[in-house]
Each structure stands twice: as structure tokens, then as C-alpha cells.
Amino acid sequence: MNTVTLRVRRYRKRRRENLRLFTVELPEPVIEDAIARGLLKREDHTRPWPTIQSCYAALLSDAAPVGDTNYVADALLGALAAELVIYQRRVLGMPLKRQKDGWVELLDRLLGKS
């Protein structure tokens with residue numbers, strides 16, 4: 001099976017499950033800032049999870065510079081993990097809007113906005 005066929009199959013499977021694949025674009029200065037702060041190792045800057053996590057940690061640190069921002073970034077990203085989202089949707093019957101609103105509320109409370 002060629003790569004195009006596999007990509008189309010994954011796309012169709014996600015569509016059947018009402019999931020979407022999205023790309024996170026991070027500006028190079030944000031990545032470089034995370035490296036400069038020691039939140040990201042230079043050799044990890046091309047790996048998705050450490051790069052996204054460290055950039056979130058840097059942004060959280062700027063927004064609310066109290067606490068363990070690396071852990072908080074992991075906790076926030078964990079709430080978006082595919083397995084959890086699928087479980088909430090399929091097993092719990094949770095609507096997507098509720099998931100989104102819950103994540104936004106979590107951020108607001110964390111940052112002291114509510």
C-alpha cells in the first residue's frame with residue numbers, strides 16, 4: 001500500500017469518528033525562546049510533543065509566572081489527548097462544544113480570569 005492510500009484511509013477514519021487533524025504552527029522566535037529558557041533541548045526542536053509542550057510552558061510562564069509551568073502545560077495538553085477526547089465523545093457522549101468550553105474554562109481558571 002502506498003503512502004497516499006494510507007493517508008486517505010486515515011483521513012476517512014477520522015471523518016467517520018468526527019475527528020480532525022490539525023497542524024500547529026509555532027513561530028521560530030517562540031521555539032528559540034523556549035530553547036533559550038531551557039524549556040526545550042535544541043536537539044528536540046523538531047519533535048512535535050516536546051516543542052509544543054515547551055512553547056506552551058513558555059507562554060504560560062509569561063501569562064501566569066507562578067507554579068510548575070512544565071507540568072501545567074502537560075496537564076493542559078493531556079486534556080486534548082486523542083484517547084481522552086475519543087473516550088469522552090464515544091463512551092460519555094460528550095458534545096464537542098462541552099469539551100471545548102471545559103478546556104477554555106480550565107485555562108481561564110488557571111490564569112485567574114474567572
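This model, with +1 at the C-beta of Lys and Arg and -1 at the C-beta of Asp and Glu, gives the chain a dipole about its Cα centre of some 1120 debye.
Here the label points at Leu77 and Met94, each 7 Å from Cα along the C-beta direction, are separated by 1.9 nm in the simple model.
Rounded to the nearest Hz, the phi-derived 3J(HN,Hα) couplings of segment 41-49 under the Karplus curve 6.51 cos²θ - 1.76 cosθ + 1.60 (θ = phi - 60°) are 6, 3, 6, 9, 5, 9, 8, x, 4, where x marks glycine and proline.
Anisotropy class assigned to the chain is oblate, per the alpha carbon gyration tensor with a/c at or over the 1.5 cut-off and a/b no larger than b/c. Just checking the listed ones, Val104, Val30, Val91: in the Gaussian network model of the chain with Cα springs under 10 Å, the one fluctuating most is Val91. Relative contact order, whole percent, for the chain stands at 14, derived from Cα pairs under 8 Å and 6 or more residues apart. Along the axis of the charge dipole computed for segment 27-114 (Cβ charges of +1 for Lys and Arg, -1 for Asp and Glu, origin at the Cα centre), the listed residues Leu107, Cys55, Gly93 are led at the positive end by Gly93.
Dipole size of segment 35-87 about its Cα centre, with +1 on Lys/Arg Cβ and -1 on Asp/Glu Cβ: approximately 180 debye, rounded to the nearest 20. For the chain, the residue among Val30, Thr3, Ala73 whose Cα projects farthest onto the positive side of the dipole built from Cβ charges is Thr3.
None of the figures in this text is laboratory data; all of them are computed from the coordinates on show. Here the structure is a predicted model, which is why all the values come from computation and not from measurement. Every residue, glycine among them, receives a Cβ derived from its backbone with ideal geometry; neighbour counts consider all protein chains shown.
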